[in-house]
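Enquirer: One structure, pasted below without further comment.
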Amino acid sequence: MEHRMGLYDTPFNSIKSGRKKVEVRLNDEKRRQLKVGNTITFTHIPNSSKKLTVKVTELVAYPTFREMYEDIPASDLDATGCSIDEMVEQTYEIYTSEQEHEWGTLAIGVEMVKGK
């Protein structure tokens, strides 16, 4: 099954280059449809003509982003050199703590299939 999601410039390029092996999302209704082996086509934000496709290699749910970042090596997130506090703060620029509390979080292991 193929899924579609948007992705900002920095994480888009990190996944495309192979540096980022784990994408971070809320574990909301849309993400709960994901299964290992599915594909996700990410559309670049703001340049929607750029796309990349990944295969889902792993799905791990966590109660909070902090717990996720404490468990996953920063190198898998292409966040080497960032503190856990910085990573949580950056995530809260996209998602609210209320959303995190309602849905929990999901670490999506990804592997490049093709890129444009």
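The values are calculated or read from the model by the stated rules, or taken from the named source; none is laboratory data. Worth saying up front: this structure is predicted, and the values here are computed from it rather than measured. Backbone-built Cβ (ideal geometry, glycine too); neighbour counts: all protein chains shown. What goes into the accessible areas is simple: the full protein's heavy atoms, side chains included, and nothing from ligands, DNA or RNA. Shrake-Rupley method; radii C 1.70, N 1.55, O 1.52, S 1.80 Å.
Enquirer: Pick from Thr64, Thr53, Thr39, Thr43: which is under 16 Å from Val113 (Cβ atoms), open to solvent by less than 90 Å² (accessible area, probe 1.4 Å) and free of Cβ contacts under 8 Å to residues at least 60 places away in the same chain?
Expert: None of the others qualify; the one that does is Thr43.
Enquirer: I've got another one for you. Out of Thr105, Thr91, report the one residue that is farther than 25 Å from Glu2 by Cβ and touching a helix residue (DSSP H, G or I) at 6+ places or on another chain (Cβ under 8 Å). Before the answer, list the steps.
Expert: Numbers: Thr105 fails: farther than 25 Å from Glu2 by Cβ.
Of Thr105, Thr91, the one residue that is farther than 25 Å from Glu2 by Cβ and touching a helix residue (DSSP H, G or I) at 6+ places or on another chain (Cβ under 8 Å) is Thr91.
Enquirer: Counting just the residues of segment 1-20 that are in a loop (DSSP other than H, G, I, E, B) and over 18 Å from Gln90 (Cβ atoms), which one comes out most open to solvent (accessible area, probe 1.4 Å)?
Expert: Here is the first cut: in segment 1-20, the residues in a loop (DSSP other than H, G, I, E, B) are 1, 18-20.
Then keep just the ones that are over 18 Å from Gln90 (Cβ atoms); that gives 1, 18.
Values: Met1: 153, Gly18: 37 Å².
Checked segment 1-20; the qualifying residue most open to solvent (accessible area, probe 1.4 Å) is Met1.
Enquirer: Now, a different point. Criterion first (modelled with pLDDT of 95 or more and buried (at least 18 other Cβ atoms within 10 Å of the Cβ)) does Ile108 satisfy it? Spell out how you get there, then give the answer.
Expert: Working: modelled with pLDDT of 95 or more: yes; buried (at least 18 other Cβ atoms within 10 Å of the Cβ): yes.
It is true that Ile108 is modelled with pLDDT of 95 or more and buried (at least 18 other Cβ atoms within 10 Å of the Cβ).
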